[in-house]
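Let me begin by presenting the structure, written as structure tokens, before commenting on it.
The values are calculated or read from the model by the stated rules, or taken from the named source; none is laboratory data. Quick caveat: nothing in here was measured; it's all calculated off a predicted structure. A quick note on method: Cβ atoms are made from the backbone with ideal geometry, for glycine too, and the neighbour counts reach across all protein chains shown.
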Amino acid sequence: MAQITNVGILTSGGDAPGMNAAIRAVVRTALYHGLEAYGIRHGYQGMVNGDILKLETNDVSNIIQRGGTILKTSRSKEFMTAEGMKKAYDHLCRNKIDALVLIGGDGTFRGADEFFGKYAIPAIGIPGTIDKDLSGTDFTIGFDTAVNTAMEAIDKIRDTAEAHDRVFIIEVMGRDAGYIALNCGIAGGVEDILIPEEVTNIEDVLARIDHDERRKKNVHLIVVAEGDDFGGAKELYAVITERFPLLDVRTCILGHIQRGGSPTFADRVLASRLGHASINALLEGKTQLMAGIINNEIVFTPFSSVVKNAMSSDTDMKEIIRVLSY
Ligand code: F6P
């Protein structure tokens with residue numbers, strides 16, 4: 001067993017539903033093992049500012065079902081400077097924090113790799129991002145909830161699109177990754193999906209609309225990830241309405257709705273498992289690793305190897321769209 005007494009925990013980067021469930025799991029597991037738990041507010045910026053508070057078991061009561069993060073979050077530029085890191089380290093020392101659990105996405109692990117390479121405090125990471133674009137894990141906390149939110153929105157849009165015989169373009173989150181777009185698109189039974197990992201052939205997109213019009217298919221739904229190379233809903237709308245001036249076309253940008261809301265059971269269970277595993281890992285002396293889940297097993301990946309993960313094999317799901325929307 002490693003000599004650890006005070007564990008700090010923070011959430012960093014874009015919030016994701018299930019982060020609270022992870023905070024609860026980390027705090028409760030730490031307290032169960034006789035450790036003290038400290039929340040660091042506003043992510044790495046809170047480390048720089050010394051925004052640190054002690055957490056007791058009641059502080060994490062009734063949060064498993066809540067979206068957002070009770071610890072708040074940020075994308076801190078100051079932390080990424082040598083001066084910021086030094087300030088952060090001094091605050092950890094002052095508060096006698098001798099281990100850390102970090103919940104966030106690729107920016108969080110890039111920061112962690114640099115900081116913990118310099119300052120030797122044991123640290124374990126937990127993947128939390130709706131984008132699911134991380135290596136070292138099959139799922140990230142928040143992804144399942146975000147996809148379900150987007151899918152429910154598509155179902156609602158389908159009702160009104162069908163009532164008016166409209167083409168609808170639905171823009172979902174995903175600056176660099178199409179996991180949300182691909183999964184909510186398939187689950188929502190849409191006609192087309194455009195993702196950052198593939199070069200969009202706009203003539204193909206237009207040809208599919210034309211094909212559906214000719215065979216009198218009433219509804220044509222297109223899901224586009226915000227980071228698609230052609231552009232988002234606005235750019236697509238311009239091209240589609242120019243080519244088909246008689247078509248009734250509407251757009252809907254789902255935006256941050258996808259980041260909020262009560263986490264699904266899958267995200268709560270994932271968060272609970274990874275939160276629990278993170279403290280056990282620290283107690284076993286593990287450090288500078290992200291706890292992920294691969295084939296339903298907890299696996300640990302060095303911070304230095306956790307990278308933004310572009311979609312690869314999943315692209316065959318686009319073929320499923322072609323066939324099932326035929
Ligand atoms: O990384 C999660 C994410 O929601 C992306 O999908 C999106 O591009 C980005 O964060 C939005 O960030 P912000 O909330 O800072 O606008």
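Values computed for the structure shown
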item: Residue count for the range 109-132, restricted to those that are within 12 Å of the ligand (Cβ to nearest atom) and either modelled with pLDDT under 95 or not charged (D, E, K, R) (or both); result: 4
item: Selected residue (only one of A181, A177 is assigned by TED's automatic domain parsing to the domain that holds V239, farther than 30 Å from E83 by Cα, surrounded by 21 or more Cβ atoms within 10 Å (Cβ to Cβ) and at pLDDT below 95); result: A177
item: Out of L254, L246, L324, L283, sole residue that is surrounded by 15 or more Cβ atoms within 10 Å (Cβ to Cβ) and over 24 Å from the mean Cα position of the chain (by Cα); result: L283
item: Odd one out for D165 among (1) in contact with a strand residue (DSSP E or B) (Cβ under 9 Å, 6 or more places away or on another chain); (2) away from the ligand (no atom under 16 Å from the Cβ); result: (1)
item: Evaluation of K72 against (1) within 22 Å of F303 (Cα to Cα); (2) within 16 Å of the ligand (Cβ to nearest atom); (3) touching a residue at least 60 places away in the same chain (Cβ under 8 Å) (one fails), failing number; result: (1)
item: Given (1) within 16 Å of the ligand (Cβ to nearest atom); (2) in the same structural domain as V219 (by TED's automatic domain parsing), number of the condition T137 does not satisfy; result: (2)
item: Residue list for the range 138-165, filter: outside any helix (DSSP H, G or I) and either on the phi > 0 side of the Ramachandran plot or surrounded by 24 or more Cβ atoms within 10 Å (Cβ to Cβ) (or both); result: T140, I141, G142, D165
item: Matching residues in the range 174-197 - criterion: being of a type in the set (A, V, I, L, M), more than 11 Å from K132 (Cα to Cα) and within 13 Å of the ligand (Cβ to nearest atom); result: A181, I195
item: Subset tally (residues that are more than 16 Å from the ligand (Cβ to nearest atom), touching a residue at least 40 places away in the same chain (Cβ under 8 Å) and not basic (K, R)) for the range 250-276; result: 11
item: Residue match in the range 105-117 (condition: surrounded by fewer than 24 Cβ atoms within 10 Å (Cβ to Cβ) and part of a loop (DSSP other than H, G, I, E, B)); result: no
item: Test: residue in the range 187-203 that is free of Cβ contacts under 8 Å to residues at least 40 places away in the same chain and closer than 13 Å to S325 by Cβ; result: yes
